[in-house]
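The values are calculated or read from the model by the stated rules, or taken from the named source; none is laboratory data. Since we're looking at a predicted model, the values are computed, not measured. Counting neighbours? That spans all protein chains shown, and the Cβs are built from the backbone with ideal geometry, glycine included.
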Amino acid sequence: MRTPQNVKALLEVGLDFMGFIFYEKSPRYVDDAVWTNISEVFDNQQDVQKIGVFVNASLETILAKNKILKLDLIQLHGQESPAFCEEVRAQGFKVIKVFSVGSSFDFSQLSPYEKVCDYFLFDTKGKQPGGNGFQFDWSLLAEYRGDIPFFLGGGINPNSVKRLQVFNHPMFFAIDGNSGFELAPALKDIDVIQQFKKQYALQTIIPPNTQKS
C-alpha cells in the first residue's frame, strides 16, 4: 500500500492487516515522503494492524521506519537469522518470518525460528523475494507440523476462493493477498477485494484457526 486515498478506501473494507514494503527494489516501495502522508490516514485508526515488510534490513532501519507510523508487526522477507528475529521481537514487535516454498523445501529449517517468531508466512519460491505472482503447491504444507500459525501467500487472487475452500491446515491463520488484487503495483482494486472477501466468507468453510484476512 502506498497511496493515502487507496489506504483509506481499503481501511473501510474491514481487513485485519495492511502491509507496507520498505524494500527499495520493490515496485511497491514506500519512501519516507509517502510514509508521512499515509500516517495521517491512520489517525485514530485502531482496527487494522500495520505490517512493515523488510528484506535483510538492519535493526536500525526498521526502528527508523517505525518512528513515523507505529508498526504492529515486522515481516522479514530475506535471509534473517533466528537471532535477528529475536532482536526485532525484543523491540516490542510481533514478527512474521517469510519462507519461500518449493518442491525441495526442508521444513526442519523452521525449528530454530519457532521460539522467536509469532507467525510464519509461506510464499512462492521465485526470482524475487516476494510478489512473484504465482501459487506454489499448497499440499507441501502437510509437511509443516509446527505450532506457529502461518499466513498463506504466493499468487492468491480472486479466483483462489475454491482452492482456499478445500485447503485445510490446523495452523492456517491468514491470507496474504497482494499482486492478484492490484490495478497496478501498490494500488489495490477495492471492488475486487470486497467481492473476494464476501465470497470467501460465504463459500469457504473456515478452519478453526483461520480467522483473519
Item checked: Checking Gly126 against (1) modelled with pLDDT under 95; (2) closer than 30 Å to Asn37 by Cβ; (3) touching a Phe, Trp or Tyr at 6+ places or on another chain (Cβ under 8 Å), the condition it does not meet -> (2)
Notebook entry, point to check: Going through the range 148-182 one residue at a time, which ones are in a loop (DSSP other than H, G, I, E, B) and either small (Gly, Ala, Ser) or over 17 Å from the mean Cα position of the chain (by Cα) (or both)?
Noted result: Gly153, Gly154, Gly155, Phe167, Asn168, His169, Pro170, Gly177
Margin query: Residues that are touching a residue at least 40 places away in the same chain (Cβ under 8 Å) and among the basic types (Lys, Arg), at least 3 per element: which helices (runs of 4 or more DSSP H) completely within the range 20-93 meet that?
Written below: none
Next item on the list: Within the range 1-38, count every residue that is more than 17 Å from Leu187 (Cβ to Cβ) and in contact with a helix residue (DSSP H, G or I) (Cβ under 9 Å, 6 or more places away or on another chain).
Entry: 3
Check: In the list Tyr144, Tyr113, which residue meets the criterion of being touching a Cys at 6+ places or on another chain (Cβ under 9 Å), farther than 19 Å from Met18 by Cα and crowded, with 18+ Cβ neighbours inside 10 Å?
Finding: Tyr113
Next item on the list: All but one of (1) among the hydrophobic types (A, V, I, L, M, F, W, C); (2) assigned to a strand (DSSP E or B); (3) out of contact with any strand residue (DSSP E or B) (no Cβ under 8 Å at 6 or more places or on another chain) hold for Ile96, so report the exception by its number.
Entry: (3)
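Consider the range 74-124. How many of its residues are of a type in the set (Asp, Glu), farther than 25 Å from Lys25 by Cα and more than 15 Å from the chain's Cα centre (by Cα)?
Selection size over the range 74-124: 3.
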